[in-house]
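Step one of this worksheet: look at the structure below.
No lab work stands behind these numbers, since they all come straight from the coordinates. Predicted model, so just to flag it, every value in this text is computed and none were measured. Here Cβ is always computed from backbone atoms with ideal geometry, including for glycine, and neighbour counts include all displayed protein chains.
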Amino acid sequence: MSSQQKPAPRTATADATAEPRPRRLTYAAVLAALEGAALVAGGLWVLVLGLTGDPDDRQQAVTLGITLAVLALLPLLAARGLLLRRGWSRGPAVITQVMALPVAYNLLQADSMAIPAGIALAVVAVAALVLLVNGETTRALGIKGPGRAE
């Protein structure tokens, strides 16, 4: 009797990472990373203006700047997870896009230079949502639908 070792059973994650990463998944990660970078830039901008400028309420400006910078962690971590094909990363990425839609709507209601920013944010959020719920992306992340335990 030979002592052959049985190959290790393949898991859903191993199957998902064996194939090349779909472009849709890469594009979704890039969009999430861009949103995260924009939040960091906006947070730092508000923070610097709050500290060096003459805001109406310095404490509020500093708090807003720090809050925006911390909120940037969600899309940045999601983007990293998407690039590494981690199934958990789709949830934070979808939440980020859903949260971006009301912000885009409010920007579109303004009578200022905020309107182009609102259009850009709405386009990015909708495009990222479409990419994230795509079947190819779901399979690449190893996400099973309800009732599909195997």
Inset, instruction - Using the Karplus curve 6.51 cos²θ - 1.76 cosθ + 1.60 with θ = phi - 60°, work out ³J(HN,Hα) for each residue of the range 78-86 in order, rounded to whole Hz, and write x for Gly and Pro. - result: 5, 4, 4, x, 5, 5, 8, 6, 9
Inset, instruction - Please give the FRET efficiency for residue 112 paired with residue 133, using the beta carbon to beta carbon distance and R0 = 25 Å, rounded to the nearest 0.05. - result: 0.15
Legend entry - Within-12-Å neighbourhood charge of residue 92 [Cβ basis; K, R +1; D, E -1]: +2
Inset, instruction - Provide the net charge surrounding residue 136, with neighbours chosen by a C-beta distance below 11 Å and charges set as Lys +1, Arg +1, Asp -1, Glu -1. - result: +3
Legend entry - Length released on extending from residue 144 to residue 88, taking residue separation times 0.36 nm less the Cα-Cα span: 19.0 nm
Legend entry - Length released on extending from residue 52 to residue 66, taking residue separation times 0.36 nm less the Cα-Cα span: 3.6 nm
